[in-house]
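One structure is given below, encoded as structure tokens.
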Amino acid sequence: MRITARRALAPLATALALVVTALPGVAAADGPSSSWTVTSAPPALDPADALRPAPSTPLPSAAPTRATLATPEDDLKRECQSRPEAVTRYGWAKDRFLRCWRGNRKVELRKNDSPIPGGGTKLAEVDFDYTLLAVAHNGSRQVDFTFTFDTFEPKGGQERNISDLRVEITGCTSQIVCAPNPSASSRTITEWELATDRRFGATWTTPDSTGDGPLKTISAAVGLNMSIVTTGRPDVRPWSETGMAGGATVRFDSAGAKAGKHHGTVFSDVIPTFNLRALAARDGRSGEVMYTARHIEDALLRPIRTFPSFPLKSPPGRYRADGGLDQRPLHRLFDDATTDKNRNAAGKVCNDVWGDRARDPNLDCDEYPFASTQEGAWSATNQGTQPWHGSARLIPSADNQTAGRTYLSIAFYQANRLLDWDAFYVEP
């Protein structure tokens, strides 16, 4: 009877072993006995985020304030704490030079002794807030990163003494001189806890003479990865998270005087907005560009008032919050010969509509989209063979010149380091 009972129980024991192995959270005999697991996740990256315009940069005060005397990193971190976009993988871009990411993670080490997902005996944990700052330089081919654990609260047993928490800023390529390389820091959880300064920095540079094309550009996608690995314990499954920052592209160039400064670095995925009214108001010169500002407004909001006139004309350039991925920004044009062709094509509209008045030396033929964009009257129409979704209008010459040279060229193109084909929006 005993032999019969044992033989009967053997298949049952085998079946139970298979069931237990299949249950989530219960380790098989040869599987990990415990696992590091994150209990929070970042918001998903919306593809439309990449097409959203950068927020308007605060206008400078007449006199320096305490805030403006701080370092760029200090000011950036202070602003970053109040920006909800900073907790997304895309991060918050103050402009094309200043960017930040922040977030929180709670990572727990639990034994795989429970059939309930997320269950199991907790052995250790670490709960932290972090900030990653990035400062690109207009005037040199350099970007500086600063990563900081703002809060760091570990708990639990001795596993944290032998568990390495690694932070890495990714994107460094063979064309970029990265210090350190890799741009990473790794310490045990206990070492991070006891450190008086829980941060590390990295600097990426590129030689002025290197890069692709006549502008000598080099680009890299910036990312942020973290991991926890328990040294000497293959039975402990590590935690690893990649893409904690994403969608950011840093670009180095030597575009020369046309870009403002001969060399520079920007986050080229950030799309700025040209707001002529705001720029002129900052300088107290609103009245000097009122005709150009009105022309932009009519072109974008009331195209029926503009020439050339045809049904369903729709000039590009304005960002639409409800447009998602269907946006129509303008793009800078570097080639002077094509810019002249755009200006001449728009001039023909002024000649046709205003006749002899178009030859008045006190008047200029103003155009929108601007002659210095790929959407100009010649470059966007297959050399003038297709309808131009733009507007040409006679306005006072001084108004046109101030708007074009002082504000579009210097205060916007050069201030934002916009190169050939770089996108931007226009605020009417």
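Here is how the numbers come out for the structure above:
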item: Tally of residues being open to solvent by 30 Å² or more (accessible area, probe 1.4 Å), under 19 Å from L419 (Cβ atoms) and either in contact with a Cys (Cβ under 7 Å, 6 or more places away or on another chain) or in a loop (DSSP other than H, G, I, E, B) (or both) across the stretch 176-214; result: 6
item: Single residue of the stretch 381-396 satisfying the filter (within 24 Å of A278 (Cα to Cα) and among the hydrophobic types (A, V, I, L, M, F, W, C)) that is surrounded by the most Cβ atoms within 10 Å (Cβ to Cβ); result: A392
item: Unique residue being of a type in the set (S, T, N, Q), at pLDDT below 65 and assigned to a loop (DSSP other than H, G, I, E, B) when the list is S82, S61; result: S61
item: The stretch 354-405 - residue that is over 24 Å from L312 (Cβ atoms) and among the basic types (K, R) and, of those, modelled with the highest pLDDT; result: R405
item: W378 vs. criteria in contact with a strand residue (DSSP E or B) (Cβ under 6 Å, 6 or more places away or on another chain), in a loop (DSSP other than H, G, I, E, B), open to solvent by 30 Å² or more (accessible area, probe 1.4 Å) and within 30 Å of A50 (Cβ to Cβ); result: no
item: R405 free of Cβ contacts under 8 Å to residues at least 60 places away in the same chain, within 23 Å of A281 (Cβ to Cβ) and open to solvent by 30 Å² or more (accessible area, probe 1.4 Å); result: yes
item: Condition met for T148 (in contact with a Ser or Thr (Cβ under 6 Å, 6 or more places away or on another chain), open to solvent by 20 Å² or more (accessible area, probe 1.4 Å), hydroxyl-bearing (S, T, Y) and part of a strand (DSSP E or B)); result: yes
item: Subset of the stretch 92-131 that is assigned to a loop (DSSP other than H, G, I, E, B) and touching an Asp or Glu at 6+ places or on another chain (Cβ under 7 Å) - its residue that is surrounded by the fewest Cβ atoms within 10 Å (Cβ to Cβ); result: T121
item: Unmet criterion (only one of (1) assigned to a loop (DSSP other than H, G, I, E, B); (2) under 16 Å from D298 (Cβ atoms); (3) open to solvent by less than 20 Å² (accessible area, probe 1.4 Å)) for D399; result: (1)
item: Single unsatisfied condition, Y413 versus (1) surrounded by fewer than 18 Cβ atoms within 10 Å (Cβ to Cβ); (2) over 20 Å from E297 (Cβ atoms); result: (1)
item: In the stretch 219-232, residue farthest from D49 (Cα to Cα) [restricted to those that are assigned to a strand (DSSP E or B) and open to solvent by 30 Å² or more (accessible area, probe 1.4 Å)]; result: V229
item: Checklist (1) among the polar types (S, T, N, Q); (2) under 26 Å from L51 (Cβ atoms); (3) out of contact with any Phe, Trp or Tyr (no Cβ under 9 Å at 6 or more places or on another chain) applied to T131, failing item; result: (3)
item: Pairs where the first residue, in the stretch 235-264, is at positive phi and basic (K, R) and the second is modelled with pLDDT of 95 or more and open to solvent by 10 Å² or more (accessible area, probe 1.4 Å), C-beta under 6 Å, 6+ apart; result: none
item: One residue from C350, C365 being hydrophobic (A, V, I, L, M, F, W, C), closer than 29 Å to A255 by Cβ and either open to solvent by less than 50 Å² (accessible area, probe 1.4 Å) or in contact (Cβ under 8 Å) with a residue 12 or more places away in the chain (or both); result: C365
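Yes/no matrix, rows are residues, columns are (1) more than 18 Å from W192 (Cβ to Cβ); (2) among the basic types (K, R); (3) under 14 Å from the mean Cα position of the chain (by Cα); (4) at pLDDT below 95:
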site	(1), (2), (3), (4)
R78	yes, yes, no, yes
Y90	yes, no, yes, yes
R96	yes, yes, yes, no
R102	no, yes, yes, no
D113	yes, no, no, yes
P117	yes, no, no, yes
Y130	no, no, no, no
N138	yes, no, no, no
T146	no, no, no, no
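The values are calculated or read from the model by the stated rules, or taken from the named source; none is laboratory data. Please read all numbers here as calculations on a predicted model, not as lab measurements. Glycine gets a Cβ as well: all are built from the backbone with ideal geometry, and neighbour counts include every protein chain shown. Each accessible area value is taken on the protein alone, full model and side chains, heavy atoms only, with ligands, DNA and RNA left out. Shrake-Rupley method; radii C 1.70, N 1.55, O 1.52, S 1.80 Å.
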